[in-house]
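Chemist: Sharing a structure, written as C-alpha cells. Questions coming.
Just so it is clear, none of the values below were taken in a lab; they were calculated from the coordinates. What you are looking at is a predicted structure, and each value in this text was computed from that prediction instead of being measured. Glycine also receives a Cβ, built like all others from the backbone with ideal geometry; neighbour counts cover every protein chain displayed.
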Amino acid sequence: MSVELFVFWMLALVAVASAVLVISAKNPVHSVLFLILCFFNAAGLFVLIGAEFLAMVLVVVYVGAVAVLFMFVVMMLDINFVRLREGFLNYLPIGGLVGLVLLAELVLVGASWALKEPAIAAAPATAELDNTRALGRVLYTEHFLVFQIAGFVLLVSIIGAIALTLRERVGVKRQDIARQVHRRPAETLVLERVEPGKGV
Amino acid sequence: MTATLDLAPLLPELLLAAATLGLIVLGAIRERRDGAAIVTPLAVAALVVAAAAALALDKTPTVLLGGHFRFDAFAAILKALVLLATAASLLLIASYQEDERIDRFEFPLLALCSALGMSLMVSAESLLGLYMALELQSLPLYVMAAFQRDQLRSTEAGLKYFVLGALASGMLLYGCSLVYGFTGTLSFARLAEAFGPGAAGGMPIGAVVGLVFVIAGLAFKLAAVPFHMWTPDVYEGAPTSVTAFLAAAPKLAALGLALRVLMGPFADWAAQWQQVIVLVSAASMVLGALAGLVQTNIKRLLAYSGIANVGFALVGVAAGTAEGVEAALVYMLIYLVMTLGTFGIVLTMRRQGTYVETIAELAGLSQRRPLLAAAIAVFMFSLAGIPPLAGFFGKYFVFLAAVKAGLVWLAILGVLASVVAAYYYLRIVKLVYFDPAAEPFDELPAPGLRLVTTLSAAFVLGFVVIPGPVFAAAKLAAAALVPAALGR
C-alpha cells in the first residue's frame, strides 16, 4: 500500500466517522466539534488531490467562520436539542426509503459514468500555473459576471440583515465623535493632590 | 493583444446596479426624514429607464462575459416586461406599505436587487449564471416576506420561504453539478453541442437525472405542483404588498428561465423533459382548481389561482414548439396583468383603518363602490377565461399549441380544470353584486394603486381590440429562442 493510499483511507475513514458522529452525538457542542474534525479531514483530502487552494478555503471559511458561528448558536440560544430530536426515528421508514431511492439513482449514475467518457473534457491543468493563480485568472476574466453577481448577493444579505434586525432604541448612549473631539482637558480633567493615607 | 469589451447589451443591468448603489447612499442619508418616499419613485424611474434601454438595444443575439450572458430579442422583451412589472408592483403597494408602517427605504432597494436578478435570469447562458441570477432574485424576496418583522405571521412566512427556497436551490445546484459532471461544461451552447444530434450514444443517464433535479428547482420557483407547498402559507403570511410583488414579476422571470434551459441546451432532448413538464402542468392545473374551492382567505385563493395558472402556462411549454413558447409567454403576460389588477383590489380592502383578507368582506361592494366592483368583475371573468376578456385568449392559445403538438388529453384536462376554477372566480362576482352589503371600505388616497389597477383593467378589456403588439412581441421572443436551439 502506497503512502498516498494509506493517507487517503485514514482521512476518508475519519471524515466519514466524524460525519456520523455529528448527527449521533448527544451533546450539540460535541456535534460541532466533530463537524470541525470532518472539515479538517476533507481539507486533507483536497490537499491529497492537489487542490491546495480549496483546502485552505475550507479551513478558513468553514472551520474559521461557519463552525464558530454554529458554536455561538448552540451555546447562546436556549434550544433544547434533546426535545428537538424526539420522534426523530418516526421518520426513519420514509426517510430511509427516500435515501434508498437516491442511493439507487447514484449507483446508476456512477455505473454509467464508469462506462462513458465525458462529452467535453475539462480544461487540462498546466504545470507552471499553481491552483490559486489559475483560479484567480478565471475568476476575474471568464467568470467575472458571476463573481459580480455573487457580490450583489452579499450586498442583499447585508441590506436584508439590517432591514430585519436593526431597531432604533431610545436612551442608548452612542459615540459622538464630533463631541469627543471638541472636548478640552480643562472641562473634564481635574488634578488632585492626594495626601498619603487619605482619600480624595 | 488588445481586447475590446462591448458592454452595451448589459446596459439594463448596469443601470439597475448603479441605481441600487446610488439609492443605498441616498436612502441612508435621508432615512429619518423621507427615506422611502424619495427612494421608491426613483427606483420606479430606474426600472422604467432600464426597461426602455432593454427594448432600445440592438437585438442581434450576442453572448458575452465568458459565455454567461446572452442578449437577444427573447431576453430584451422579457427584461422589459419583468422590469415594468416590478415598477408597477412598487407603485401598487406604496399606499399599503405606508399604512402598515413598513415603508422603509430598504424595500425598494431589495426590489431593485431582485429585479436585477430577474433581468439576469432571462439572459442566463450558463448553468452558473442561471444559479447565481436565481439566487440574486430569490434572496431579496425572502427578506421581503419577513419585512413586517413584528408580526409573527410575516416572520414565519419569511422563514418558511427561506428554508424551502434553500432546499430548492440545493436541488437545482445538485442537478447542475450532475449535468456538469457528465458533460464537463457549464455553457448552454456547448451543452447543446454535447446533447445535439451529433452526440454519440444519447444523453447520459446522469445528465438526465441532473436535468430532472434542475426542473424540480425551477418548478419550486414557479410554484408548480408538487413543489407548491410553500405558496399558500407564504402568500397568506407575508404582508399583502409583498404577496402582490411575489405573484407578479418573479413568476414571469422563472418561466423565462425555464424556457431558456429547456428550449436551449436541452431542446434536442425534449422527449426527456416533456413528460416531467406534462406531469407538473397537469398536477398544477388540477390541484390549483380543486384546492381553491375551499379557501376563505383571498390571498390563499390567489395562491391556488397562481398555481393553476402556472399549470396552464406550462401546457404551452410542454408542447415544446415555437408556437407553444409563444402561447406560454402571452399567457404569462396576461396572467401578470390580471394578478397586478386583482392585487390592486385586495390592497384597497381596508375597513376602519385595518386591512381585511377574507373573501366574505367583499359582499355587496357594488352598492357603494360600483367602479371597484366592476374592476373585480372584469378581473374575475378574465381569470375564469370568459371571452372576450384577455384571460380567454391566453388559455385558448396554450391549449391550441398543446393540441397541435399532440397533447390533446392535456388540453382537455386544462379545459376541465378551468371550468372547476371558474366556480371560485364567479363566486366572488356573485358576492360583490348579489349579496347584502357589508360595511363600506375606506376611501384610499392612493394614486399609484389606482393607476395600476385602471391600466390593468384597460389591458384586460382592450386586449380583444388590439391584440397585435402582444402577439408580435411574443412571436419575436419565441423566434429568438427556438431556432437558436433547434438550428444547432
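Chemist: Can you give the Rg to Rh ratio for chain B, taking only C-alpha atoms and Rh from Kirkwood?
Modeler: Details: Rg = 21.6 Å, Rh = 22.5 Å.
Value, to two decimals: 0.96.
Chemist: Scaled to the compact-protein estimate 2.2 N^0.38 Å, what is the alpha-carbon radius of gyration of the protein assembly as shown, rounded to two decimal places? Working shown, then result.
Modeler: Working: Rg = 27.9 Å, N = 688, 2.2 N^0.38 = 26.3 Å.
Normalised by 2.2 N^0.38 Å, the Cα Rg of the protein assembly as shown equals 1.06.
Chemist: Name the helices (complete DSSP H segments) of chain B with a Cα length along the long axis of 18 Å or more and a Kyte-Doolittle mean of at least 1.6, or state none.
Modeler: Details: long enough: B:11-56 (38 Å, 1.52); B:73-99 (40 Å, 1.44); B:106-121 (22 Å, 1.54); B:127-145 (27 Å, 1.36); B:152-183 (46 Å, 0.90); B:205-222 (25 Å, 2.39); B:249-263 (21 Å, 1.46); B:270-292 (32 Å, 1.37); B:298-319 (32 Å, 1.35); B:322-346 (36 Å, 1.63); B:370-384 (21 Å, 2.28); B:390-404 (22 Å, 1.26); B:408-434 (38 Å, 1.76); B:447-462 (22 Å, 1.31); B:468-486 (26 Å, 1.65).
Qualifying helices: B:205-222, B:322-346, B:370-384, B:408-434, B:468-486.
Chemist: May I pose another question? Would you give the gap between the C-alpha center of the stretch B:124-164 and the C-alpha center of the stretch B:407-428, rounded to a whole Å?
Modeler: Spelled out, the Cα-based centre of one part sits 31 Å from the other.
Chemist: Bin by bin, in steps of 5 Å, what percent of the Cα pairs in the stretch A:122-200 do you find, going until the bin that has the longest distance?
Modeler: 3, 9, 8, 8, 8, 8, 8, 7, 7, 7, 5, 7, 4, 4, 3, 1, 0
Chemist: In nanometres, what is the gap between the two model label sites at A:SER24 and A:GLU4, each 7 Å from Cα along Cα-to-Cβ?
Modeler: Roughly 3.2 nm, to one decimal.
Chemist: Still on this structure, I have one more. Taking only DSSP H segments of four or more residues, each worth -39500 (n - 2.57), what value at 222 nm results for chain A once the sum is divided by all its residues, to the nearest 500 deg cm²/dmol? Write out the running numbers ahead of the final one.
Modeler: Details: 10 runs with 128 residues, N = 200.
It lands at -20000 deg cm²/dmol.
Chemist: Once you place label points 7 Å from the Cα toward the Cβ at B:GLN151 and B:GLU443, how far apart are they in nm?
Modeler: Here the modelled spin labels are 2.6 nm apart.
Chemist: Helix-only mean residue ellipticity at 222 nm, chain B, DSSP H runs n ≥ 4 weighted -39,500 (n - 2.57), per residue, nearest 500. What is it?
Modeler: On the way: 19 runs with 363 residues, N = 488.
After summing the helix terms and dividing by residue count, I get -25500 deg cm²/dmol.
Chemist: Can you bin chain A into rounded, prolate or oblate? Criterion: square roots of the alpha carbon gyration tensor eigenvalues sorted a ≥ b ≥ c, rounded for a/c under 1.5, prolate for a/b above b/c, oblate for the rest. Could you put the intermediate results ahead of the total?
Modeler: Values: a/c = 2.26, a/b = 1.73, b/c = 1.31.
It is prolate, given that a/c is not under 1.5 and a/b is the larger ratio.
Chemist: Let me ask you something else. Could you tell me the center-to-center distance, by alpha carbons, between the stretch B:225-274 and the stretch A:128-162 in angstrom?
Modeler: About 26 Å separates the Cα centre of the stretch B:225-274 from the one of the stretch A:128-162.
Chemist: Would you mind checking which residues have amide H under 5 Å from B:PHE69's amide H? H placed 1.01 Å from N; only 5 or more apart, or other chain.
Modeler: B:LEU64, B:GLU125
Chemist: When you count, for each residue, the other Cβ atoms within 10 Å and take the mean per peptide, how do B:305-316, A:26-37, B:91-102 rank with the highest first? Provide the component values of the computation, followed by the final result.
Modeler: Details: B:305-316: 28.8, A:26-37: 16.8, B:91-102: 21.1.
Sorting B:305-316, A:26-37, B:91-102 by mean packing, highest first, produces B:305-316, B:91-102, A:26-37.
Chemist: What FRET efficiency, computed as 1/(1 + (r/R0)^6) with R0 = 25 Å and r the Cβ-Cβ distance, is obtained for A:ILE79 and A:ASN131, rounded to the nearest 0.05? Walk me through the numbers before you get to the answer.
Modeler: Numbers: r = 40 Å, r/R0 = 1.58.
With R0 = 25 Å, the Cβ-Cβ based efficiency is 0.05.
Chemist: List B:THR62, B:THR231, B:THR354 from most exposed to least, where exposure is judged by having the fewest other Cβ atoms within 10 Å. Kindly include the intermediate steps, with their values, before the conclusion.
Modeler: On the way: B:THR62 17, B:THR231 26, B:THR354 10.
Exposure proxy ranking, most exposed first: B:THR354, B:THR62, B:THR231.
Chemist: Please give, to one decimal in nm, the separation of the simple spin-label points placed at B:LEU14 and A:VAL138, each 7 Å out from Cα toward the Cβ.
Modeler: So the two model labels end up 2.7 nm from each other.
Chemist: Taking every Cα atom in the stretch A:1-85, find the radius of gyration and the maximum pairwise distance Dmax, and write them in Å.
Modeler: Every Cα atom of the stretch A:1-85 included, Rg and Dmax give 14.7, 49 Å.
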